[in-house]
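The values are calculated or read from the model by the stated rules, or taken from the named source; none is laboratory data. Computed from a predicted structure; not experimentally measured. No Cβ is skipped: glycine too gets one built from the backbone with ideal geometry, and neighbour counts run over all protein chains shown.
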Amino acid sequence: MPIRMLPDTLVNRIAAGEVIERPAAAVKELVENAIDAGAARIDVVVRDGGKTLITITDDGCGMGPDELALAVERHATSKLPSDDLLDIRSLGFRGEALPSIGAVSRLTLTSRPRGADSAWALTVDAGLKGAPQPAALVQGTRVEVRDLFAAVPARLKFLKAARTEFDHIADCIERLAMAHPGVAFTLDGDNRSALRLSAAQGDLLDARLTRLGALMGRDFQDNAVPVQAAREGVTLAGWIGLPTLHRPTARHQHLFVNGRPVRDKLMVGAVRAAYADFLPRDRHPMLALFLDLDPQEVDVNVHPAKAEVRFRDQGLVRGLIVGALKHALAEAGHRASTTVGLATLGALRPEAADDPAAGPAQSPLPYRNPVQSWGGSYGSVVPRGLADRAAAFQAPHATPLPPLQGRLAGWQAAPAARPPEYGAPAAANTPPLETHPLGAARAQLHNTYIVAQTAEGIVIVDQHAAHERLVYERMKTALLEGGVKRQALLIPELVELDEPSANRLLGRSAELAELGLVVEGFGPGCVLVREVPALLGQSDVKSLVRDLAEELAELGDALSLKEKLEDVCGTMACHGSVRAGRSLSVEEMNALLRQMEATPHSGQCNHGRPTYVELKLADIERLFGRR
């Protein structure tokens, strides 16, 4: 078959297939054009999921008749100030959006520049361009797309149901609205209003949080911490959810580069690395991050729909994201999200307990199944200012960390002491324990849960989960300071394993020694434990070694233990923590509460579960009909 040139109409349809794969893609391109035109308000109307009608109206700078005629030509653009394809300072550039849409639909552009005395309209019908005609419009631009893909029936056949396509459109507009909180948006479709967003006020960081709260929910707005960082001309800003506010998918992770929504593997990987200490592998944090850098340092044209980018210095970007997120989470102190307490109150209400039709899946409790549904939509109740309040007590009132460690890690089970009288006077110059963020210990339930009274309600603490986080943070700190201190066993512990597991442990013996665990071979399938991390106190050495052997089997040999610090230290911390079922004295319980207030990230254990729940007095009173 001889080689031949394809007709222009077919070339345009092929180009359209690369850019406009569904109605949401057309909406994205047109809304981005409106934002680049300086619009302060953008209204979107769709019918039949965008298949029969898409109308986008903005109040931007508008276009005259000559510009209208150029706008629908292939590779004509106002978004490229020079011929440098890397110098892109707008939401373009591929240069094919309008002509591609016009090639597969009936496209009508109506526009009026600011200050002009009249508007003009131009129509493109399946690639055939008409001439500009006078029209009526107050200001800005209105784009009308009718019968999308009518000229490409095969593409139309593969579109989903109207409701599904509409949801894709809504998701596209929401992402652009997050990046541009100063722009008002509306979306209407098929006789229903899906989106009404007014322009957010205030500085950019606060405006973004207001917009994110409107789109991601009040839970996120109440439990987000700010991120602001810069390094070598690259700036990162945004809001990230506390670790206890997590989801089963990454759908609520929104990433932006120079105002452009992207799905970038490098950025997603950096987010996972930053949260690795706090979440199980099957859970995902909620966040919105905005990365800004010189356009010369990022290529936005690696994907036809501009959904992916390529950074010149990937290490710089990854390091900035990981460091900034870890710093923000550390600044949050022991704050945790406010939703677990609300779920707890829901579970305590009589109607929640008396409704057998609800079933397990309807339960408002956040952790119905500790394996399959950690976290759900919930976290733990902590007021926004709790970290600041805790800081005020860390010195001189907080219990010193080294003496406390010995008490918590190595003490024998003792009967709980009688709680002090509520009216007992406090020591001179010492504030009442109730004024501490986590309050004063009043009781221990089932030798597992500490109940404390605060100035505003009560706090219930899972003693094992809380101490597991404390031990874990100390192990990380000790390792960074030169190694974990070791404690020699009076009688070395002999642990029998299968031969491959024993060989894996012995192959990592030097790295384990840095973590405080000294092992050596003792015949086939046996290891001898001579020293253990001093932080672990009186732990079950055999169980620890067996669990570590299984952990090493999963990690493989590709990474060093330091690179997988969160896995190994997490296993050790679990074995060295206060176990459920151990009786604590009031002094020990209060010591644990004070240390939680002084330790970052103590609002959740290493697996993402909350370590405590706070219930406000007003909420408890409502349970009993006092309010």
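Residues are listed down the side, and each one gets a yes or a no for (1) in contact (Cβ under 8 Å) with a residue 24 or more places away in the chain; (2) more than 30 Å from Ser602 (Cα to Cα); (3) under 36 Å from the mean Cα position of the chain (by Cα):
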position: Ile460; (1), (2), (3): yes, no, yes
position: Gln463; (1), (2), (3): yes, no, yes
position: Tyr472; (1), (2), (3): yes, no, yes
position: Met475; (1), (2), (3): yes, no, yes
position: Gly483; (1), (2), (3): yes, no, yes
position: Gln487; (1), (2), (3): yes, no, no
position: Gly521; (1), (2), (3): no, yes, no
position: Ala534; (1), (2), (3): yes, no, yes
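Check every one of the helices (runs of 4 or more DSSP H) wholly within region 125-220 and list those with 1 or more residues that are in contact with a strand residue (DSSP E or B) (Cβ under 6 Å, 6 or more places away or on another chain), under 15 Å from Ala26 (Cβ atoms) and among the aliphatic types (A, V, I, L, M).
In region 125-220, 162-179 are the helices (runs of 4 or more DSSP H) which contain 1 or more residues that are in contact with a strand residue (DSSP E or B) (Cβ under 6 Å, 6 or more places away or on another chain), under 15 Å from Ala26 (Cβ atoms) and among the aliphatic types (A, V, I, L, M).
Just to be sure I understand, how many residues within region 221-272 are part of a loop (DSSP other than H, G, I, E, B) and surrounded by fewer than 16 Cβ atoms within 10 Å (Cβ to Cβ)?
Summing the residues that are part of a loop (DSSP other than H, G, I, E, B) and surrounded by fewer than 16 Cβ atoms within 10 Å (Cβ to Cβ) in region 221-272 gives 5.
Hey, can you tell me all the residues within region 259-296 that are of a type in the set (Asp, Glu) and at pLDDT 90 or above?
Asp292, Asp294
Can you tell me how many residues in region 196-220 are within 23 Å of the chain's Cα centre (by Cα) and surrounded by 13 or more Cβ atoms within 10 Å (Cβ to Cβ)?
Count: 17.
Quick check on Glu511: is it within 30 Å of Gly608 (Cβ to Cβ), out of contact with any strand residue (DSSP E or B) (no Cβ under 6 Å at 6 or more places or on another chain) and surrounded by fewer than 20 Cβ atoms within 10 Å (Cβ to Cβ)?
Yes: the conditions hold for Glu511.
Among all residue pairs at least 6 apart or on different chains, which show Cβ distances below 7 Å where the first residue, located in region 43-59, is in the same structural domain as Arg146 (by TED's automatic domain parsing) and assigned to a strand (DSSP E or B) and the second is crowded, with 22+ Cβ neighbours inside 10 Å and of a type in the set (S, T, N, Q)?
Asp58/Thr141
Give Gly115, Gly130, Gly182 a once-over and let me know the one that is under 36 Å from the mean Cα position of the chain (by Cα), in the same structural domain as Ile56 (by TED's automatic domain parsing), of a type outside the set (A, V, I, L, M, F, W, C) and surrounded by fewer than 16 Cβ atoms within 10 Å (Cβ to Cβ).
Of the residues listed, the single one that is under 36 Å from the mean Cα position of the chain (by Cα), in the same structural domain as Ile56 (by TED's automatic domain parsing), of a type outside the set (A, V, I, L, M, F, W, C) and surrounded by fewer than 16 Cβ atoms within 10 Å (Cβ to Cβ) is Gly182.
When region 499-538 is examined, which residues are found to be more than 20 Å from Lys476 (Cα to Cα) and of a type in the set (Ser, Thr, Tyr)?
If the condition is that a residue be more than 20 Å from Lys476 (Cα to Cα) and of a type in the set (Ser, Thr, Tyr), then Ser501 is the only one that fits.
Can you tell me which of (1) within 30 Å of Gln296 (Cα to Cα); (2) in contact with an Asp or Glu (Cβ under 8 Å, 6 or more places away or on another chain); (3) buried (at least 17 other Cβ atoms within 10 Å of the Cβ) is the one Phe166 doesn't meet?
Going through the list (1) within 30 Å of Gln296 (Cα to Cα); (2) in contact with an Asp or Glu (Cβ under 8 Å, 6 or more places away or on another chain); (3) buried (at least 17 other Cβ atoms within 10 Å of the Cβ), Phe166 breaks only (1).
Quick one: would you say Asp277 is closer than 25 Å to Arg22 by Cα, crowded, with 17+ Cβ neighbours inside 10 Å and not β-branched (Val, Ile, Thr)?
no
Yes or no: Gly259 in contact (Cβ under 8 Å) with a residue 40 or more places away in the chain and within 16 Å of Leu176 (Cβ to Cβ)?
Answer is yes for this residue.
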